[in-house]
Amino acid sequence: MRVVISLALLALAAFSQSFKPGETIEYKDGSSYPAKWEKGVFVKMLPGGTQALIRKKPSQFFPEGSEAAFAIADIRSPQPAAAQPPPPEPAPARPSPPPPAPPAAGEGLLTKEQVLAYAKQLMGPNPWGNPSRDAILDQIRDYVKARGTSFQPDLDFSNRMGAQGTYSVHIGYAAAANYGKPPKPESYFGTWLLRAANRGSQSYTTSGGRPVVQTTDSQAESGQLTINPDGTYAWQVLRGQSTVLRGNWRWARPEEMHAWEGGPAMWLLNAKQGADYMVRGDREPGYEGWIDVGAGKGRTPVEYGRRP
């Protein structure tokens with residue numbers, strides 16, 4: 001017991017020698033909750049060696065600071081200032097406008113007859129022997145992509161294009177993917193209600209001995225996507241739940257899309273499962289105001305978005 005008391009007295013004696021009158025210290029201010037450390041001035045040790053007289057920080061009522069006794073455990077040397085948090089990152093710059101569509105002669109959506117005439121003129125009288133055949137087929141595809149079409153490619157279109165030696169699968173894809181007017185870039189901004197959908201599924205019935213095709217929509221509500229003009233997005237993965245993915249988006253470059261698809265389109269960066277998701281507006285008449293959202297440029301699996 002005497003050894004313990006002696007050690008305590010030695011510790012108190014060491015403490016009394018650690019501060020000098022007039023030295024700045026910190027004292028624990030118990031008048032606030034939680035208690036916090038304030039800067040004061042060490043005056044002297046009090047008799048008994050268990051308390052010290054401290055001049056507290058100035059206040060409205062004590063401009064010079066009042067004096068009070070504090071237990072040794074509530075006094076310490078000034079501590080280094082806490083590291084300041086880094087300044088917030090600047091808001092992302094608004095993305096640049098989407099890349100312009102490739103130039104194409106003429107204006108307006110192409111009719112079926114215009115595509116047929118353009119392709120025939122470009123390929124020339126010997127379509128199968130033309131040494132530049134592959135490049136010309138790509139040029140026809142790009143022309144259709146740049147202008148867009150006023151028709152859906154059908155069997156008549158592919159047969160007539162094939163008969164004059166100017167058809168390729170990519171030309172057919174281009175006519176289908178760019179059917180209708182392209183969406184304006186600003187039409188992407190705002191909130192979309194997403195559906196995991198099998199839009200345009202077909203079923204067959206019979207009527208009077210002949211088949212009848214019925215087109216239906218098989219849809220399931222999924223999430224909600226908000227695209228902001230400042231380059232950010234918020235994706236509520238499942239409607240009614242609290243999980244929200246937040247990130248940045250940018251416009252897709254032409255080479256990042258399918259060779260037969262015209263823009264504009266955008267990438268949602270680091271979206272679900274960390275993948276980049278492409279958003280492309282539907283151009284088909286009757287489906288304006290819809291978007292397709294899916295992983296990669298193939299947008300698979302795809303969700304369809306509509307306005308609330």
Scanning the range 66-76 for residues that are open to solvent by less than 60 Å² (accessible area, probe 1.4 Å) and under 54 Å from the mean Cα position of the chain (by Cα) gives D74, I75
Which of the residues spanning the range 268-302 are part of a loop (DSSP other than H, G, I, E, B), touching a Gly at 6+ places or on another chain (Cβ under 6 Å) and either of a type in the set (K, R) or under 13 Å from L225 (Cα atoms) (or both)?
R283
Name the residue that is surrounded by the fewest Cβ atoms within 10 Å (Cβ to Cβ), counting only residues in the range 142-162 that are within 23 Å of P254 (Cβ to Cβ) and of a type in the set (K, R).
R147
Residues that are surrounded by 12 or more Cβ atoms within 10 Å (Cβ to Cβ), under 57 Å from the mean Cα position of the chain (by Cα) and modelled with pLDDT of 85 or more: which strands (runs of 3 or more DSSP E) entirely in the range 1-59 hold 3 or more of them?
24-29, 36-45
So, in the range 88-128, exactly how many residues are modelled with pLDDT of 75 or more, within 25 Å of the chain's Cα centre (by Cα) and open to solvent by 70 Å² or more (accessible area, probe 1.4 Å)?
3
Hey, Q139 polar (S, T, N, Q), open to solvent by 60 Å² or more (accessible area, probe 1.4 Å) and in contact with a helix residue (DSSP H, G or I) (Cβ under 8 Å, 6 or more places away or on another chain) or not:
yes
So G247 passes all but one of these: (1) over 17 Å from the mean Cα position of the chain (by Cα); (2) over 20 Å from K184 (Cβ atoms). Which condition number does it fail?
(1)
For residues that are in contact with a strand residue (DSSP E or B) (Cβ under 6 Å, 6 or more places away or on another chain) and either in a loop (DSSP other than H, G, I, E, B) or among the small types (G, A, S) (or both), tally how many sit in the range 220-246.
8
Looking only at the range 263-278, count how many residues are in contact (Cβ under 8 Å) with a residue 24 or more places away in the chain, touching a helix residue (DSSP H, G or I) at 6+ places or on another chain (Cβ under 9 Å) and open to solvent by 10 Å² or more (accessible area, probe 1.4 Å).
2
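Please determine whether any residue of the range 258-267 is part of a loop (DSSP other than H, G, I, E, B), over 19 Å from R94 (Cα atoms) and aliphatic (A, V, I, L, M).
Here is the first cut: in the range 258-267, the ones part of a loop (DSSP other than H, G, I, E, B) are 258-264.
From what's left, over 19 Å from R94 (Cα atoms): 258-262.
Subset that is aliphatic (A, V, I, L, M): 259.
Yes: the range 258-267 contains one or more residues that are part of a loop (DSSP other than H, G, I, E, B), over 19 Å from R94 (Cα atoms) and aliphatic (A, V, I, L, M).
Can you tell me which residues in the range 247-257 are under 30 Å from I171 (Cα atoms) and either β-branched (V, I, T) or assigned to a strand (DSSP E or B) (or both)?
Our first condition is that a residue be under 30 Å from I171 (Cα atoms); within the range 247-257, this holds for 249-257.
W249, R250, W251, listed by residue number.
Of these, Q224, Q219, which one is at pLDDT below 80, open to solvent by less than 80 Å² (accessible area, probe 1.4 Å) and not basic (K, R)?
Only one candidate qualifies: Q219.
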Total residues in the range 291-308, condition in contact with a Phe, Trp or Tyr (Cβ under 7 Å, 6 or more places away or on another chain) and free of Cβ contacts under 8 Å to residues at least 60 places away in the same chain:
3
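The values are calculated or read from the model by the stated rules, or taken from the named source; none is laboratory data. As the structure is a computational prediction, the values presented were derived from the model and not from experiment. Virtual Cβ from ideal backbone geometry, glycine too; neighbours counted across all protein chains shown. Calculation scope for accessible area: heavy atoms of the full protein, side chains included, ligands and nucleic acids excluded. Shrake-Rupley method; radii C 1.70, N 1.55, O 1.52, S 1.80 Å.
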